[in-house]
Structures are given as C-alpha cells and as structure tokens.
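As structure tokens, the structure follows; a few thoughts come after it.
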Amino acid sequence: QPVPTQPPSASASLGASAKLTCTLSSGHSDYAIAWHQQQPGKAPRYLMYVKSDGSHSKGDGIPDRFSGSSSGADRYLTISNIQSEDEADYYCQTWGSGNNHSDTGR
C-alpha cells in the first residue's frame, strides 16, 4: 500500500507562491492523493484530488489560486498569491488495500 511523505515545513511571503510536495512510496507512483487543509482551531477541509497524470478535481469553494500537479511519484499542491488565511497544516492522503495513510506538513 502507498505511504505518502511530506517535508516537515514550508514558508512563503504574502502574495508569493508555495509548492508543497507529497511523495509516494516506491512502486506506487500511479496512485492518486487527496490534499486537505487544516487551519488552526478548525476542522480539516478537503482541497483536491490529484491523479498521477496531474489532473485534479477541487472541492467546493476552493479558490482558483489552489492547484494540483504531478511528476513521477510526487504530487504537488501549489498556492498562488498566498493570503494570511492560508497559514495552516496541509495533509496529503492516499489509499491502498482498504487502508489510508496521511502525513502532515505545515
């Protein structure tokens, strides 16, 4: 089953862009992942589903400045024109053999 990993942290200035990476374990580069956002004190929010071909499907109300892409075993979440409310934990999640795994970066 695929296991995703993320760098422990990332930072960017307001108005800039950030590209978050989720890397799938060896042999699972064809799996899709889901990105979630958890702002301080709030419940997690589904952002998007990113497939191995880079196509992505966003959740309701997710701004256009959030986008997804893919390269090999890496799945990306790009946040453009960063706003103060974007400070949050971002989780990537994937599934395999009836289980799911997640890893967190901030």
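Some points to look at:
- Computed about its Cα centre, the charge dipole of the chain is approximately 20 debye, with only Lys, Arg, Asp and Glu carrying charge at their Cβ.
- If you plug the beta carbon distance of His28 and Asp89 into 1/(1 + (r/R0)^6) with R0 = 22 Å, you get a FRET efficiency near 0.45.
- Per the Kirkwood formula applied to alpha carbons, segment 36-85 shows a radius of gyration over Rh ratio, Rg over Rh, of 0.98.
- For segment 73-95, the residues whose backbone nitrogen is under 18 Å from a point 7 Å from the Cα of Gln39, taken along Cα to Cβ, are 79-91.
- Between Asp53 and Val3, the simple spin-label model (points 7 angstrom out along Cα→Cβ) gives 3.0 nm.
- Diagonalising the gyration tensor over the Cα atoms of the chain and scaling each eigenvalue by 5 before taking the square root yields semi-axes of 22, 14, 13 Å, largest first.
- Loop-located trypsin sites (Lys or Arg not before Pro) in segment 1-90 (DSSP state other than H, G, I, E, B) with a sparse environment of at most 13 neighbouring Cβ atoms within 10 Å: Lys42, Arg65.
- Exposure proxy for Thr78, Thr23, Thr94: other Cβ atoms within 10 Å of each Cβ, ordered fewest to most, give Thr78, Thr23, Thr94.
Every number in this text was worked out from the coordinates using simple rules, so none of it is lab data. Being a predicted model, the structure only gives us computed values, none of them experimental. Every residue, glycine as well, gets a Cβ built from its backbone with ideal geometry; the counts of neighbours run over all protein chains shown.
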